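Okay, so here's the structure we're looking at.
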Amino acid sequence: MPAEMPFETTTARLRLRRPVDGDLPFHVALHTDPRLYTHAPQAMRTEDENRCVFDGFVRHWDEHGFGYWVVEDLATGAPVGMAGVRHAGDHLNLYYRFDHDAHGRGYAREVAREAVVLATEWLPGMPVRAVVRPAHHASLRTAERAGLFRAGTVRHADDRPDEEPSVVLEAPRVVGVADVERVPSREQVLDLWCRVNDAGGAVGFAPGAGRDEVEATLARHEATMAAGRAVLGQLLDPAGRLLGLAWWDESPTPLLAHARWLYRVMVDPDLQGRNLGRLLMAGMHRLAREMDGVELVTLDYRSGTGVGGFYARCGYTEVGRVPGAIRVAPGDDRDDVIMARRLDGAALQPHGGS
């Protein structure tokens, strides 16, 4: 894991931190409560077994710099569960278990979404998966709301021989394409762009724009790619279906070689509420970080779309706006809002000169 990314973090309501020796009693109590094992009672371990499991959680943090968190309520400081991702063979396992009294508050979804976003940006190369009993509908919903898609079944070690196998869910991946000839399906890109546009997404056109107009703009992006100055990022589900896309463009000005501009951020409008926007942004940040010398990223958006808060949650700060610069229709002028962030997460520092 990159040293500059501390995997301990906070969400709107929760603190996510690495486990320490003093958390052992909470871990044991959490994992020996039969009320939390109604869908797989055979999976509950003894106190001694859970001590060994906890030691493994701590050791994973020591060896890899990330792992399952102890989840604390920000308001009270009390532990309410354990969750996160860690290595499990050829993938990262997404896990969440919360105190019985904390159920019904949406904590699992809040933490699972954060875990998958962080893994997408900072832990590339291994898919994030969850393994869930088919009758555990709440857990299945949590994984799906975190952005995972059903990707088959597996006979888990804790599955009884007479039971259905467990469901495997897997997070989408962000793939960067620099060579325009290697874009898997130009028609898929156009289809997605037109559907996002018609759903009201601010992706360069007013709703109802013709496919030929969109295709002409796509051709300009392709020309920039062909010139070696743009990378297309594609969000793909485990089956390879296109879920979202965006472009990184570089400036031809050498003074701006350390920066990239983000354009046309879009995700499937039929999959709203499934964390895909943040996963696309996380993957795009990873792609930018892999480009030599890139430190700063910027974007702009049309005011009135409500996306400023979303970009702020992705680490961006508003650095300026041009009032009335975007004319959506006669009498409907919007601001062009500019936001930026450093890829290392440090605060933006304005220059002191004039």
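Counting each DSSP H run of 4 or more residues in the chain as -39500 (n - 2.57), what helix-only mean residue ellipticity at 222 nm follows after dividing by all residues, to the nearest 500 deg cm²/dmol?
-9000 deg cm²/dmol
Using the Kirkwood radius built from alpha carbon pairs, what does the Stokes-Einstein equation give as D for the range 94-210 at 4 °C and 1.567 mPa s, in µm² per second?
It diffuses with D of about 75 µm²/s by this estimate.
Quick one: if the Förster radius is 41 Å, what FRET efficiency do Val322 and Thr10 give, using the C-beta to C-beta distance and rounding to 0.05?
0.75
Which residue fluctuates most in the GNM of the chain (Cα springs below 10 Å): Arg97, Arg45, Arg86?
Highest fluctuation of the listed residues: Arg45.
Taking all protein chains together and a probe of 1.4 Å, list Val214, Val58 from the most accessible to the least accessible.
My answer, sorted largest first, is Val58, Val214.
If you look at just the Cα atoms of the range 244-354, how large are its Rg and its Dmax in Å?
Here Rg and the maximum Cα pair distance are 14.9, 48 Å.
What full-extension length gain, to one decimal in nm, is calculated for Arg105 and His64 as 0.36 nm per residue of separation minus the Cα-Cα distance?
Length gained, Arg105 through His64: 11.7 nm.
For Asn93 and Gln42, FRET efficiency with R0 = 25 Å and r from the beta-carbon atoms, rounded to 0.05?
The calculated FRET efficiency here is 0.85.
With label points built 7 Å along Cα→Cβ from the Cα atoms of Arg220 and Leu24, find their separation and express it in nm.
Using points 7 Å along Cα→Cβ, the separation is 6.4 nm.
Equivalent-ellipsoid semi-axes (√(5λ), Cα gyration tensor) for the range 1-144, whole Å, largest first?
Values for the range 1-144, descending: 21, 17, 17 Å.
Of the peptides 336-347, 110-121, how do they stack up when ordered by the mean number of other Cβ atoms within 10 Å, highest first?
Put in order of decreasing packing, that is 110-121, 336-347.
Please compute the net charge surrounding Pro269, taking Lys and Arg as +1 and Asp and Glu as -1 over other residues with Cβ under 10 Å from its Cβ.
Local charge sum for Pro269: -2.
Using a Gaussian network model on the chain with a 10 Å cutoff between Cα atoms, which of Phe310, Phe205, Phe66 fluctuates the most?
Per the Cα network of the chain with a 10 Å cutoff, Phe310 tops the list.
Go from 0 up to the bin containing the longest alpha carbon distance in the chain, width 10 Å each, and give me the % of pairs per bin.
Reading upward from the zero bin: 5, 22, 31, 22, 14, 6, 1, 0.
Taking a probe of 1.4 angstrom, what is the accessible area of Thr305 in Å², to the nearest 10?
Thr305 has an accessible surface of roughly 50 Å² with all protein chains in place.
Would you kindly find the accessible area of Tyr96, with a 1.4 Å probe and non-protein molecules such as ligands, DNA and RNA excluded, rounding to the nearest 10 Å²?
So the heavy atoms of Tyr96 present about 40 Å² to solvent.
At a probe radius of 1.4 Å, what is the per-residue accessible area of Glu8, in Å² to the nearest 10?
My reading of the accessible area for Glu8 is about 90 Å².
Per-residue counts of other Cβ atoms within 10 Å, averaged by peptide: what ranking do you get for 12-18, 143-149, highest first?
Ranked from most to least packed, the peptides come out as 143-149, 12-18.
By the gyration tensor of its Cα atoms, with a ≥ b ≥ c the square roots of the eigenvalues, what is the shape of the range 201-283: rounded for a/c under 1.5, prolate for a/b over b/c, or oblate?
oblate
Mind ranking Val175, Val189 by accessible surface for me, highest first, 1.4 Å probe?
Highest to lowest solvent-accessible surface, that is Val175, Val189.
Between Asp179 and Arg150, how many nm apart are label points set 7 Å from Cα along the C-beta direction?
3.7 nm
Which value in nm describes the separation of the simple spin-label points at Arg186 and Ser251, placed 7 Å from the Cα toward the beta carbon?
Spacing of the two 7 Å Cα→Cβ label points: 3.1 nm.
By accessible area of protein heavy atoms, probe 1.4 Å, what ranking do Cys194, Cys52 get, highest first?
Accessible-area ranking of Cys194, Cys52, largest first: Cys52, Cys194.
The values are calculated or read from the model by the stated rules, or taken from the named source; none is laboratory data. None of the values given here were measured: they were computed from a predicted structure. Note that each Cβ is placed from the backbone with ideal geometry, even for glycine, and that neighbours are counted across all protein chains shown. Just the protein is used for accessible areas: all its heavy atoms, side chains included, with ligands, DNA and RNA removed. Shrake-Rupley method; radii C 1.70, N 1.55, O 1.52, S 1.80 Å.
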